[in-house]
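Asks: Please find one structure pasted underneath; my questions will follow.
Only the coordinates and a few stated rules stand behind these numbers; no lab work does. Bear in mind the structure is a predicted one, so any value in this text is a computation, not a measurement. Every residue, glycine among them, receives a Cβ derived from its backbone with ideal geometry; neighbour counts consider all protein chains shown.
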Number of protein chains: 2
Amino acid sequence: MSKPAPLYNRLALIGVGLIGSSIARAAKAQGAVGSIVATARSEATRKRVAELGLADQVVETAAAAVEGADLVIVCTPVGVCGAVAKEIAPHLAPGATVSDVGSVKGSIVRDMGPHIPQGVHFVPAHPVAGTEYSGPDAGFAELFVNRWCILTPPPGQNQAAVDKLAAFWKLIGANVETMAPDHHDLVLAVTSHLPHLIAYTIVGTADELETVTRSEVLKFSAGGFRDFTRIAASDPTMWRDIFVTNKDAVLEMLGRFNEDIALLTKAIRNGDGDTLFEHFTRTRAIRKGIVQIGQDSPAPDFGRGHQ
Amino acid sequence: MSKPAPLYNRLALIGVGLIGSSIARAAKAQGAVGSIVATARSEATRKRVAELGLADQVVETAAAAVEGADLVIVCTPVGVCGAVAKEIAPHLAPGATVSDVGSVKGSIVRDMGPHIPQGVHFVPAHPVAGTEYSGPDAGFAELFVNRWCILTPPPGQNQAAVDKLAAFWKLIGANVETMAPDHHDLVLAVTSHLPHLIAYTIVGTADELETVTRSEVLKFSAGGFRDFTRIAASDPTMWRDIFVTNKDAVLEMLGRFNEDIALLTKAIRNGDGDTLFEHFTRTRAIRKGIVQIGQDSPAPDFGRGHQ
Ligand SMILES: NC(=O)c1ccc[n+]([C@@H]2O[C@H](COP(=O)([O-])OP(=O)(O)OC[C@H]3O[C@@H](n4cnc5c(N)ncnc54)[C@H](OP(=O)(O)O)[C@@H]3O)[C@@H](O)[C@H]2O)c1
Ligand SMILES: NC(=O)c1ccc[n+]([C@@H]2O[C@H](COP(=O)([O-])OP(=O)(O)OC[C@H]3O[C@@H](n4cnc5c(N)ncnc54)[C@H](OP(=O)(O)O)[C@@H]3O)[C@@H](O)[C@H]2O)c1
């Protein structure tokens with residue numbers, strides 16, 4: 001029962017945090033690549049990556065990492081992907097594919113695209129999967145299983161290169177969909193970026209009240225608040241970069257949200273229980289849909305332990 | 001190894017949904033009461049309660065349920081607690097304690113209080129524990145373990161009656177705290193009611209977009225959105241009643257939230273990454289605090305399955 005031949009000979013990972021290390025673990029588990037070379041910004045992370053055995057080789061620079069690689073995945077925060085592309089450009093092997101995992105795609109196309117040399121394929125990607133933790137210890141091989149990975153190849157990309165990257169993501173468990181970068185950014189603004197912004201906001205609000213103590217906020221957080229704190233514990237650098245680079249779509253969704261919260265506020269002020277009841281009934285259907293397509297568990301409270 | 005004597009001889013539960021049935025299961029498991037008599041609004045629920053063996057006796061009316069009970073817990077939506085109190089008042093046994101589990105306490109004191117006869121103790125309570133499911137099948141005996149139950153006895157209540165109800169909640173696993181009703185309502189407005197309102201809002205917003213399809217919202221919900229859909233799947237009647245009865249505190253918290261979201265919106269509009277980074281760093285500490293005091297799990301993604 002030998003595994004099928006690897007899809008790529010040599011995978012270069014630039015940045016090995018939650019996402020990069022999960023790709024490394026999953027690619028190894030599935031035999032998706034012949035070998036893995038990795039690099040990260042800090043000496044400490046590079047050392048940890050070596051200790052964890054996440055790569056066959058750990059090197060000091062992105063330029064060195066991409067030498068001879070036929071697949072390069074940039075797994076750094078979105079804001080530095082352009083600089084990384086510039087650094088690696090002269091060192092890319094002809095015929096290689098350059099990809100990334102950034103949560104915003106329009107800015108990736110704009111920032112990385114111009115640096116990619118002729119003869120190298122450029123297929124930006126975004127696996128819609130994650131946790132609130134960061135760094136190479138936080139990753140795991142199953143992270144992408146049954147989650148979606150969205151590819152946003154610029155027009156005119158080599159279809160075989162796109163298909164091969166799609167096959168790579170499928171091999172490590174993901175479902176794959178292709179989208180225009182701007183549409184991706186609008187979709188993720190509502191399914192990810194606005195929820196994070198709102199969670200960050202309310203957790204900040206709760207922390208600043210004079211009338212309710214922090215100790216009370218923590219003790220009685222099981223009423224709903226604690227769910228928001230998980231999301232609002234996500235990496236500040238990653239999320240700063242997302243809001244700065246996906247500004248237009250986020251502001252658009254924020255505008256819609258503000259209109260809707262104004263309507264519900266008015267219903268509360270007027271004691272208009274019927275409007276509230278009708279709204280709360282409608283939103284239940286969405287939850288059912290998500291559970292039905294296997295994007296969340298039907299277990300009460302996410303299956304969170306009650307002991 | 002016989003169990004200690006029950007704290008109350010006869011517990012009457014009026015309303016046997018998620019909370020009422022969890023109390024029934026927990027009280028039975030801990031031997032906290034001698035016997036349980038239960039009632040619910042509909043024939044269907046009363047039948048189901050009998051089938052599940054949640055009570056020693058199931059009766060048709062609240063008035064019948066409270067006859068001879070020394071502890072009465074009203075477990076209906078907040079909006080009908082006043083009417084229930086009026087119905088049961090003439091039938092309450094002298095020396096009995098009347099309590100409830102409503103998520104709002106000021107209105108409970110106002111609506112139920114005036115009906116409670118002389119010689120009957122009145123100790124409103126709110127267990128800060130729940131799931132997004134409703135009805136007698138949704139409850140479980142461990143729901144209150146390590147969660148807080150807040151008592152809001154009106155001034156001048158018999159201290160022995162308050163202490164005895166506190167002992168009951170402790171016996172079924174909860175931590176107990178006493179608060180003034182209005183302060184309770186302010187604390188829960190931020191730790192529960194505002195989070196629910198925001199979740200209901202954003203799920204509605206996502207459902208109404210023309211530019212992003214519902215199918216896209218569902219598929220890519222793992223980016224954060226799906227967490228909000230769990231909360232926004234909670235019972236519409238319960239939540240309508242909460243927002244109608246805790247209007248002032250909710251509007252107060254909404255005002256604070258709106259100020260804070262305006263500040264973050266401005267930072268996004270101006271590309272002010274430093275303000276965003278600083279805010280996102282501060283909110284992480286709250287999560288740590290909640291995990292440290294055991295009010296949530298440190299497991300990534302709430303320990304939600306990745307298969
Ligand atoms: N977390 C999620 O839930 C999630 C989900 C989908 C997509 N994404 C995207 O995935 C990417 C990485 O996220 P992550 O959660 O894996 O982050 P992470 O755990 O914080 O890891 C980031 C990695 O990038 C490296 N890095 C940071 N700044 C760099 C720089 N200026 N130059 C070179 N390397 C640098 C870091 O090295 P050091 O450790 O040495 O600093 C680290 O290895 C982001 O673009 C994010 O938008 C994240
Ligand atoms: N769910 C939570 O997470 C949570 C947490 C803490 C506190 N609470 C509070 O607990 C209370 C009950 O919530 P729950 O989640 O247990 O609700 P639930 O599962 O929907 O159960 C409500 C029960 O009340 C009965 N009921 C409804 N309307 C009634 C009426 N007009 N007259 C008499 N009985 C009526 C229902 O009977 P039928 O089945 O026959 O309709 C049912 O037995 C609410 O006040 C809520 O604020 C809830």
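Asks: For chain B, what is the calculated [θ] at 222 nm in deg cm²/dmol (nearest 500), taking -39500 (n - 2.57) for each run of four or more DSSP H residues and dividing by its residue count?
Replies: Taken over chain B, the calculation gives -14000 deg cm²/dmol.
Asks: Next question, about the same structure. What is the mean projected area of the alpha carbon convex hull for the protein assembly as shown, to one decimal in square nanometres?
Replies: The orientation-averaged projected area of the Cα hull of the protein assembly as shown comes to 29.8 nm².
Asks: Residue by residue, what Karplus-based ³J(HN,Hα) values in Hz, rounded to whole numbers, does the stretch B:47-64 have, using 6.51, -1.76 and 1.60 with θ = phi - 60° and x for Gly and Pro?
Replies: Karplus values, whole Hz, x for Gly and Pro: 5, 5, 4, 5, 4, 6, x, 7, 9, 6, 8, 10, 10, 8, 10, 5, 4, 5.
Asks: Restricting to chain B, what percent of DSSP beta bridges are antiparallel, rounded to 5?
Replies: 10 percent
Asks: Just to check I understand the Karplus step: with θ = phi - 60° and J = 6.51 cos²θ - 1.76 cosθ + 1.60, what whole-Hz values come out for the stretch A:98-109, glycine and proline as x?
Replies: Listing the rounded values in order: 9, 9, 8, 10, x, 7, 10, 10, x, 5, 5, 4 Hz.
Asks: Here is a follow-up. Need one word for chain B: rounded, prolate or oblate. Basis is the Cα gyration tensor (sqrt eigenvalues a ≥ b ≥ c); a/c below 1.5 gives rounded, then a/b vs b/c decides. Spell out each step's value before the answer.
Replies: Numbers: a/c = 1.95, a/b = 1.80, b/c = 1.08.
Note, shape of chain B comes out prolate.
Asks: For the protein assembly as shown, give me the percentage of DSSP beta bridges that are antiparallel, rounded to the nearest 5 percent.
Replies: The answer is about 10 percent antiparallel.
Asks: Please list, in chain and number order, the residues 5+ apart from B:ARG10 or on another chain whose amide H is under 5 Å from its amide H, with Hs placed from the backbone.
Replies: The list, which skips near neighbours in sequence, is B:GLY34, B:SER35, B:ASP70, B:LEU71.
Asks: Search the structure for amide H atoms under 5 Å from the amide H of A:CYS149, placed 1.01 Å from N in the peptide plane, and list their residues when 5 or more places away or on another chain.
Replies: For A:CYS149, the qualifying residues are A:VAL128, A:ASN175, A:VAL176, A:GLU177.
Asks: What fraction, in whole percent, of alpha-carbon pairs in the stretch A:8-179 exceed 23 Å separation? Present the calculation step by step, with values, prior to reporting the outcome.
Replies: Numbers: 4337 of 14706 pairs.
That tail contains 29 percent of the Cα-Cα pairs.
Asks: Taking the beta-carbon count within 10 Å as an exposure proxy, list B:PHE243, B:PHE228, A:PHE257 from fewest neighbours to most.
Replies: Ordered by Cβ neighbours within 10 Å, fewest first: A:PHE257, B:PHE243, B:PHE228.
Asks: Continuing with this model, one more query. Would you mind checking the tilt of helix A:194-207 against the longest principal axis of the Cα atoms of chain A, expressed as 0 to 90 degrees and rounded to 10?
Replies: Value to nearest ten degrees: 60.
Asks: Give the longest segment of chain A that steers clear of GluC sites (Glu not before Pro) in DSSP loops with at most 15 neighbouring Cβ atoms within 10 Å, not counting the sites themselves.
Replies: Answer - A:68-207.
Asks: For the stretch A:1-101, what are Rg and Dmax over the alpha carbons, in angstrom?
Replies: For the stretch A:1-101, the Cα-based Rg and Dmax read 12.7, 43 Å.
Asks: Would you mind classifying the stretch B:128-170 by shape? Square roots of the alpha carbon gyration tensor eigenvalues, ordered a ≥ b ≥ c; an a/c under 1.5 is rounded, otherwise it is prolate if a/b is larger than b/c and oblate if not.
Replies: On the way: a/c = 2.81, a/b = 2.35, b/c = 1.20.
Verdict is prolate for the stretch B:128-170.
Asks: Rounded to a whole number, what is D in µm²/s for the stretch B:99-170 from Stokes-Einstein with the Kirkwood radius over alpha-carbon pairs (20 °C, 1.002 mPa s)?
Replies: Taking Rh from Cα pairs, D becomes 160 µm²/s.
Asks: When the Cα atoms of the stretch A:1-42 are enclosed in a convex hull and the volume is divided per residue, what value in Å³ results?
Replies: Convex hull volume per residue, Cα atoms: 56 Å³.
Asks: Could you run the Karplus curve 6.51 cos²θ - 1.76 cosθ + 1.60 with θ = phi - 60° over the stretch A:217-226 and give me ³J(HN,Hα) per residue in whole Hz, x for Gly and Pro?
Replies: Couplings: 4, 5, 4, 9, 6, 5, x, x, 4, 4 Hz.
Asks: Just to check, using Stokes-Einstein with a Kirkwood Rh over alpha carbon pairs, what's the diffusion coefficient of the stretch B:266-307 at 20 °C and 1.002 mPa s in µm²/s?
Replies: Result for D is 172 µm²/s.
Asks: In whole Å, what are the Cα extents of the stretch A:44-144 along the three principal axes, biggest one first?
Replies: Answer, in whole Å and largest first: 36, 28, 21 Å.
Asks: What ranking of B:VAL58, B:VAL72 emerges when the number of other C-beta atoms within 10 Å of each C-beta is taken as an exposure proxy, fewest first?
Replies: B:VAL58, B:VAL72
Asks: Once you keep just the Cα pairs under 8 angstrom separated by 6 or more residues, what percentage relative contact order results for the stretch B:183-271?
Replies: 45 percent
Asks: In addition: So which residue, out of A:ILE88, A:ILE290, A:ILE73, gets the largest mean-square fluctuation from a GNM of chain A using Cα contacts under 10 Å as springs?
Replies: Evaluated over chain A, the most mobile residue of the options is A:ILE290.
Asks: When the distances between all Cα atoms of the stretch B:183-271 are binned every 10 Å from zero, what whole-number percent does each bin get?
Replies: Whole-percent P(r) values from 0 Å outward: 15, 37, 35, 12, 0.
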